[in-house]
Each structure stands twice: as C-alpha cells, then as structure tokens.
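Trainee: To start, I am sharing the structure in question, which I have written as structure tokens.
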Amino acid sequence: MFNLWTDMLVVIGRIFTILPILLFITIFMGRRAIGELPVFDFLIVLTLGSVVGADIADPNIKHIHTVVAIIFIAILEKIIARLRLSQKVGHYLTFSPIVVIQDGELMEANMRKIRYSMDSILVMLRQNNVFNLKEVELAIIEANGQLSVFKKAAQSTPVRADFSMQQSNTTPIAFPIIIDGKVYKQVLEQLGVDEDWLKQALIAKGVLNFNDVFYASLTKDLALYVSKKQTNVQLPPLYF
C-alpha cells in the first residue's frame, strides 16, 4: 500500500513539473505550433492523449496511475484557467496579439519577432479575401496564430444599406515582385516589365537598392507598392 501511494505521488509530481516545462518549450517554439488551440489547452490535450495512449498500449502501467494523472491534469487545467483571468499572470501563459500590417504597411520587426514569413502572411491575407496590402487598415496575428484583418472603409464588405449606392471598382490584385530583397523576375516578365523598369520605379520612390526592400508588389496596371526594410526598430506587441 505504501508503494502504491508513493507511485501516485510520483505521478502527481511529474504532472506539476512536466507541464510547466512543456508550456515553456511550446511558447519558445512559437505560436505556429499550436494552430487553433490556446497554448495551455494544446498542452492539456497533448498530455491527456499521451497518458491515455500509454495506459492502453502498455499493460505494465498500473491503471490507477492513469486515473490519478487524468484527475490532476483536470485540476491543474482549472487552476491555470483561473490564473489566465488575471491580466498580469495570463500574459505569461499565452501569446499576445501582435500587429503585422498597419495602414497598408508591413510591420517587419513584429513579423521577425514571431517568425512569420512573408509567404505565410500573404497566404493568410488571401484566406481573408485580401489580395492587395493597400486594402488593409489593420492586420493582427492572434494568440491562436490566426490572422485578423480589418479592411479600409472603401474595401470593406458592403451591408444591405450600401446597395443603394454605386460601388466603385475593386482594387486590382497586387503580385509580389520583391520579398526581402529578392526580385522575382518571372513575375516581372508576366507583367510586361523588366528589372531596369523596376529600378527606375524604385528610385522614384526613394529606394536605390533592391536589398533595401522588404516587400514590393505590382498590379497589372503597374501600380507599385513598396515596404522598405526597417533597421533597429523595436515595435511593441499590441495588447488588449
């Protein structure tokens, strides 16, 4: 009987030591690892799956240990859920929303901070039916890794009252032509221009070198959008 209680205390001790370690590692890995779930809920699901899976697969594991583990995992989850209600404590247990686009401008420092590539942002914008950065008033990477987009007033989806007004033409699709200093020559050819044209267009916007461009796009009517690289700029995350 003494050994049984000792084993259960070991299981409880493992739960309260392993989960904080997993929490730290998951936050260190970045929000892309957790998908739709908040970080601690992801850990709870992962741990419960491991505990139950081990119990089913290994007959040598005492079933009472699995029961105790599940009960105390649930208790710990309740404790953490209450702690997350506190703004001071909750900030350290999950990610904070962070701005990646503001008034059509990419926040390069914030993107690098959360390790989101330009391709990832563009994919998420297209999933939000946005094909031109100029349409975006504000874009935020949420705690669950998803992108929330607030379009500029002229680009927002009309409501019923708007149908009595004549709608303007939609913004043309912008094609990426430079990402982090790399020029996509094939895209330029498809749009009927070359690097010489692009150099002159960049000079007109005060950019003398391709390497100074973090992101640039071009529409079929040759409207050029340029976001320069930001150096030594520390942008704080957006807190709510």
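The values are calculated or read from the model by the stated rules, or taken from the named source; none is laboratory data. As the structure is a computational prediction, the values presented were derived from the model and not from experiment. Cβ atoms come from the backbone with ideal geometry, glycine included; neighbour counts cover every protein chain shown. Calculation scope for accessible area: heavy atoms of the full protein, side chains included, ligands and nucleic acids excluded. Shrake-Rupley method; radii C 1.70, N 1.55, O 1.52, S 1.80 Å.
Trainee: Output the number of residues of segment 175-209 satisfying the condition of being assigned to a loop (DSSP other than H, G, I, E, B), open to solvent by less than 30 Å² (accessible area, probe 1.4 Å) and under 18 Å from residue 117 (Cα atoms).
Mentor: Adding up the residues that qualify gives 1.
Trainee: Looking only at residues that are modelled with pLDDT under 90 and over 25 Å from the mean Cα position of the chain (by Cα) in segment 167-186, which one is nearest to residue 214 (Cα to Cα)?
Mentor: The extreme case among them is 186.
Trainee: Among the candidates 156, 96, 148, single out the residue that is at pLDDT 90 or above, over 18 Å from residue 223 (Cβ atoms) and among the small types (Gly, Ala, Ser).
Mentor: From the options 156, 96, 148, the qualifying one is 148.
Trainee: When both residues are 6+ apart or on different chains and their Cβ atoms are under 9 Å apart, which pairs have a first residue that lies in segment 73-99 and is within 23 Å of residue 146 (Cα to Cα), and a second that is modelled with pLDDT of 80 or more and open to solvent by 20 Å² or more (accessible area, probe 1.4 Å)?
Mentor: 95/142; 97/142; 97/148; 98/107; 98/113; 98/142; 99/107; 99/138
Trainee: Name the single residue that is modelled with the lowest pLDDT among those in segment 13-50 being part of a loop (DSSP other than H, G, I, E, B) and under 22 Å from residue 82 (Cβ atoms).
Mentor: Checked segment 13-50; the qualifying residue modelled with the lowest pLDDT is 34.
Trainee: Could you grab me the full set of residues in segment 51-77 that are touching an Asp or Glu at 6+ places or on another chain (Cβ under 8 Å) and at pLDDT 80 or above?
Mentor: Once the filter is applied, which keeps residues that are touching an Asp or Glu at 6+ places or on another chain (Cβ under 8 Å) and at pLDDT 80 or above, segment 51-77 yields 65, 66.
Trainee: Okay, moving on. Scanning segment 113-151 for residues that are of a type in the set (Val, Ile, Thr) and in a helix (DSSP H, G or I), which turns out least open to solvent (accessible area, probe 1.4 Å)?
Mentor: Taking the candidates together, the pick is 121.
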